[in-house]
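The values are calculated or read from the model by the stated rules, or taken from the named source; none is laboratory data. What you see is a predicted model; the values in this text were computed from it and never measured. Quick reminder, even Gly has a Cβ in these numbers, built from the backbone with ideal geometry, and neighbours come from all protein chains shown.
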Amino acid sequence: MFSVKIVFLPQNNIMRKIFRKNSLYVLIALSAMFTISSCEDDDNKTAISQNGKKESHKTGANCMECHNGTEGAVFSVSGTVFQEDLRNTAPDGKIMLYTEPEGNGELVKTIEVDGLGNFYTTENVDFTQDLYPVAESKEGNQKYMPVAASGACNSCHGETEDVIWVE
């Protein structure tokens with residue numbers, strides 16, 4: 001709720017000029033404050049990648065360097081899927097997390113890969129249990145991955161491990 005305060009301009013011309021200049025700065029500061037708070041509200045929304053969407057960025061980078069509570073939405077799982085050439089991304093597939101290797105056990109989560117090859121979710125995923133990712137291309141080709149240590153896939157893949165890729 002906003003309150004309105006009526007302020008009369010001073011009678012002195014010099015004071016009027018100072019008041020008008022400062023009023024502009026106050027207005028600018030208030031506008032900036034409302035803009036910043038609206039961005040912070042967006043950070044609390046659920047964010048999940050979707051096939052065909054091209055809203056993500058920094059393909060191949062460790063998403064959770066920023067998406068960890070300091071900037072942007074907090075991701076529980078994120079990364080990038082590449083084609084077999086290990087350079088071009090593989091858009092519009094999916095990542096599936098199972099409780100057992102090679103797509104066995106319970107399917108815990110499916111995350112679509114977006115149109116740029118990135119995948120992410122802010123939904124809670126419990127990594128205290130072993131989870132085994134399966135990367136699937138839009139053509140249906142699957143690649144079974146070893147047990148996931150965390151949801152920050154690009155913190156290892158593309159750094160100390162091969163990138164995530166599918167045929």
Among the residues in segment 144-165, are any assigned to a loop (DSSP other than H, G, I, E, B), among the charged types (D, E, K, R) and either on the phi > 0 side of the Ramachandran plot or at pLDDT 95 or above (or both)? no
Answer from 104, 154, 118, 124 - the residue that is under 17 Å from residue 64 (Cβ atoms), out of contact with any Asp or Glu (no Cβ under 7 Å at 6 or more places or on another chain) and loosely packed, with under 15 Cβ neighbours inside 10 Å: 124
Find all pairs meeting these conditions: Cβ atoms under 8 angstrom apart; at least six residues apart or on different chains; first residue within segment 140-158 and β-branched (Val, Ile, Thr); second residue surrounded by 20 or more Cβ atoms within 10 Å (Cβ to Cβ) and part of a loop (DSSP other than H, G, I, E, B). 147/131
Selection status of residue 133, assigned to a loop (DSSP other than H, G, I, E, B) and either hydrophobic (A, V, I, L, M, F, W, C) or under 18 Å from residue 48 (Cα atoms) (or both): no
Checking residue 57 against (1) over 16 Å from residue 136 (Cβ atoms); (2) surrounded by fewer than 20 Cβ atoms within 10 Å (Cβ to Cβ); (3) assigned by TED's automatic domain parsing to the domain that holds residue 132, the condition it does not meet: (3)
